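The values are calculated or read from the model by the stated rules, or taken from the named source; none is laboratory data. Keep in mind that what you see is a predicted model, and the values were worked out from it rather than measured. Every residue, glycine among them, receives a Cβ derived from its backbone with ideal geometry; neighbour counts consider all protein chains shown. Keep in mind that these areas ignore ligands, DNA and RNA; they rest on the heavy atoms of the full protein, side chains included. Shrake-Rupley method; radii C 1.70, N 1.55, O 1.52, S 1.80 Å.
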Amino acid sequence: MAATLTPPASSAPATPAASALPELLRKLRSREARVGVIGLGYVGLPLAVEFARAGFRVTGFEVDAEKVASIERGDSYIADVPAEELREQRAKERLSATTDWSRLAEMDTISICVPTPLRKTKDPDLSFILRASERVQATLRRGQLVVLESTTYPGTTEEVVLPMLLEGGLKAGQDFFLAFSPERVDPGNPDFQTRNIPKIVGGVTADCGRAAEALYHASVDRVMVVSNAQTAEMAKLLENTFRNVNIGLVNELALLCRELKVNVWEVIEAASTKPFGFMPFHPGPGLGGHCIPVDPVYLSWKARVEGFEPRLIEVAQQINSRMPEHVVARIAAALNDAGKPLRRARVHVLGIAYKRDVNDMRESPALDVMHHLLRQQAEVRYTDPYVPHLREMGLEFDSQPLESLREADCAVIVTDHSCFDYRQIVRQARLVVDTRNALRGIRSAKIYGL
Ligand SMILES: NC(=O)c1ccc[n+]([C@@H]2O[C@H](COP(=O)([O-])OP(=O)(O)OC[C@H]3O[C@@H](n4cnc5c(N)ncnc54)[C@H](O)[C@@H]3O)[C@@H](O)[C@H]2O)c1
């Protein structure tokens, strides 16, 4: 029998399937691409507005129907997003919000901006990412770009999200694109907002990185592409762990300075005159917000999974988490000097949001301070114009008029909102513990530092 020279049809090299990238890039350049954002909170809403400003038609996907209704009315619930801006983008039909997940199929890009909290056990809680990824998985189609923006441990995009998206049989980097791009927004910062904070992107393949670069290049001033998703995830955790560790250092120095009878604020101001190699961090009542207290825990969790002991990160966490107790000790010391026990003393907390001039209570150290005070049977009140009602961690309080601090035995400045009249506070209070150096420049024997 004559030998056949042509290989059987089944073993012929398959023509490589065309990549969906060029068409996606074309749509992004022409702004034809439909842009989706999952989770319209502090991160997602400003991002959605920025995409709309860049000329895209943006759809926000949110589980909270009230937020959806608010956006549909043109009302903003995020201080950094002016209602006029929201209304302008809605008038141009560039911004809408929905709870209808089937519409994810219409999107060319999907940015996931859902929460990444900790479980009670202090382990990462990826349930929000998992739920959002399931929604994306259900309607994933060729040509879509998915970008995870939620802060998480290195490996999440490739180890958790990618396998879910691959289940439908589409190929990453060819049929669909997946990247990580950390969100670095600083709510309430007037100088840096979504547009002018450089965006890091890392794709699970080089083309995934290219697709994500094209999306963000259209809407933020600078995009930096890194080798892979894991590098982008790690960069975000480095930034926030850097803050956490340096705050831990300066909190420890504050405790030491108290022993040495040195003013830590003056020390920091003096050290800050060095024009290189020093960056000031400030001590305070403890860490707050969704990021700085939480993100390093994601990193140390992953480190331990890999059998690596992250010592410095954990020590900083311990120091920072004990600051609320130190604040209560300072209140007790001030009262003691006035011959009063903490028990039954009326303590007035000034500012309970986690940082100045915002209404965000997440992880606020004021909650810990109030809990410690209540545990020691102090009577607690608070004033915070940004937080009229407090219903958290078993605490139920309403903000009191500032004048009522006259009735208090001791006031404590936990959050130094710029709307407080600090001279009036010193005039009206019997004693003031100032954890933020808000009373710098005011001299009075009533004032106790951190
Ligand atoms: N807030 C910040 O300053 C900040 C800064 C940088 C990074 N981050 C990170 O960004 C992520 C989001 O944080 P945030 O502050 O915007 O949180 P947020 O709680 O303000 O907003 C998250 C939104 O997602 C919605 N949501 C939850 N599950 C959902 C789901 N399955 N589908 C659709 N929507 C869902 C929630 O209702 C909420 O509106 C977190 O990983 C956080 O660590 C936050």
Q. Do we have any residue at all in region 272-286 that's outside the structural domain of Pro365 (by TED's automatic domain parsing), outside any loop (DSSP other than H, G, I, E, B) and open to solvent by less than 10 Å² (accessible area, probe 1.4 Å)?
A. no
Q | region 181-202, subset polar (S, T, N, Q) and crowded, with 16+ Cβ neighbours inside 10 Å, residue farthest from Val81 (Cα to Cα) | A | Ser181
Q | Matching entry among Asp295, Asp368 (being more than 16 Å from the ligand (Cβ to nearest atom), surrounded by 22 or more Cβ atoms within 10 Å (Cβ to Cβ) and acidic (Asp, Glu)) | A | Asp368
Q | Residue pairs meeting the criteria (Cβ under 7 Å; at least 6 apart or on separate chains; first under 14 Å from Gly39 (Cα atoms) and among the small types (Gly, Ala, Ser), in region 64-76; second within 13 Å of the ligand (Cβ to nearest atom) and in a helix (DSSP H, G or I)) | A | none
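With the structure loaded, tell me whether Ala69 is of a type in the set (Gly, Ala, Ser), modelled with pLDDT of 95 or more, within 16 Å of the ligand (Cβ to nearest atom) and in contact with a strand residue (DSSP E or B) (Cβ under 9 Å, 6 or more places away or on another chain) or whether it fails that test. Don't jump to the end; show me each part of the working.
Numbers: of a type in the set (Gly, Ala, Ser): yes; modelled with pLDDT of 95 or more: yes; within 16 Å of the ligand (Cβ to nearest atom): yes; in contact with a strand residue (DSSP E or B) (Cβ under 9 Å, 6 or more places away or on another chain): yes.
Spelling it out, Ala69 is indeed of a type in the set (Gly, Ala, Ser), modelled with pLDDT of 95 or more, within 16 Å of the ligand (Cβ to nearest atom) and in contact with a strand residue (DSSP E or B) (Cβ under 9 Å, 6 or more places away or on another chain).
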Q: Starting from residues that are within 10 Å of the ligand (Cβ to nearest atom) and in contact with a Gly (Cβ under 9 Å, 6 or more places away or on another chain), keep the ones in region 105-135 and report whichever is nearest to Gly209 (Cα to Cα).
A: Ile112
Q | Lone qualifier among Leu178, Leu170 - being open to solvent by 10 Å² or more (accessible area, probe 1.4 Å), within 17 Å of Ser133 (Cβ to Cβ) and hydrophobic (A, V, I, L, M, F, W, C) | A | Leu170
Q) Regarding Val81, is this residue within 16 Å of the ligand (Cβ to nearest atom), among the β-branched types (Val, Ile, Thr) and either assigned to a loop (DSSP other than H, G, I, E, B) or within 21 Å of Pro117 (Cβ to Cβ) (or both)? A) yes
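So, Leu95, is that one crowded, with 20+ Cβ neighbours inside 10 Å, over 25 Å from Leu140 (Cβ atoms) and either modelled with pLDDT of 95 or more or of a type outside the set (Ser, Thr, Tyr) (or both) or not?
Details: crowded, with 20+ Cβ neighbours inside 10 Å: yes; over 25 Å from Leu140 (Cβ atoms): no; either modelled with pLDDT of 95 or more or of a type outside the set (Ser, Thr, Tyr) (or both): yes.
No; evaluated as a whole, the condition is false for this residue.
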(Q) Can you report the number of residues in region 142-185 which are on the phi < 0 side of the Ramachandran plot and away from the ligand (no atom under 16 Å from the Cβ)? (A) 18
Q: Please work out which one of (1) within 14 Å of the ligand (Cβ to nearest atom); (2) hydrophobic (A, V, I, L, M, F, W, C); (3) in contact with a Ser or Thr (Cβ under 7 Å, 6 or more places away or on another chain) is the condition Trp101 fails and give its number.
A: (3)
Q | region 52-69 - residue that is part of a helix (DSSP H, G or I) and within 19 Å of Trp101 (Cβ to Cβ) and, of those, most open to solvent (accessible area, probe 1.4 Å) | A | Glu66
Q.
Condition (residue is surrounded by 20 or more Cβ atoms within 10 Å (Cβ to Cβ), assigned by TED's automatic domain parsing to the domain that holds Ser30 and not in a helix (DSSP H, G or I)) applied to region 154-164: is it met by at least one residue?
A. yes
Q: Starting from region 222-248, take each residue that is open to solvent by 40 Å² or more (accessible area, probe 1.4 Å) and list its partners that are assigned to a helix (DSSP H, G or I) and of a type in the set (Asp, Glu), counting only C-beta distances under 8 angstrom and pairs at least six apart or across chains.
A: Val225/Glu213; Asn228/Glu158; Gln230/Glu158
Q: Please list, ordered by first then second residue, the pairs with beta carbon atoms under 9 Å, 6 or more apart or interchain, first in region 375-396 and at pLDDT 95 or above and open to solvent by 80 Å² or more (accessible area, probe 1.4 Å), second assigned to a strand (DSSP E or B) and of a type in the set (Val, Ile, Thr).
A: Glu379/Val347; Arg381/Val347; Arg381/Val349
Q: Run Tyr42 past the list (1) modelled with pLDDT under 95; (2) in a helix (DSSP H, G or I); (3) surrounded by 10 or more Cβ atoms within 10 Å (Cβ to Cβ) and report the number of the one that doesn't hold.
A: (2)
Q.
Here are the criteria: (1) over 26 Å from the mean Cα position of the chain (by Cα); (2) modelled with pLDDT under 95. Tell me which single one Ala408 does not satisfy.
A. (2)
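Report whether or not Leu145 is under 17 Å from Gly60 (Cα atoms) and buried (at least 18 other Cβ atoms within 10 Å of the Cβ).
yes
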Q) So which residues in region 419-450 are within 18 Å of Asp409 (Cα to Cα) and open to solvent by 60 Å² or more (accessible area, probe 1.4 Å), if there are any at all? A) Arg423, Arg427, Arg430, Ala445
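Restricting the search to region 126-167, which residues are without any contact (Cβ under 8 Å) to a residue 24 or more places away in the chain and either more than 25 Å from Thr98 (Cβ to Cβ) or of a type in the set (S, T, N, Q) (or both)? I'd like the intermediate steps shown before the answer.
Filtering region 126-167 down to residues without any contact (Cβ under 8 Å) to a residue 24 or more places away in the chain leaves 127, 131, 159, 163, 166.
Passing the criteria: Ser127, Glu159, Pro163, Leu166.
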Q: Just one of (1) closer than 25 Å to Ala172 by Cβ; (2) more than 16 Å from the ligand (Cβ to nearest atom); (3) in contact (Cβ under 8 Å) with a residue 40 or more places away in the chain trips up His217, so point out which.
A: (3)
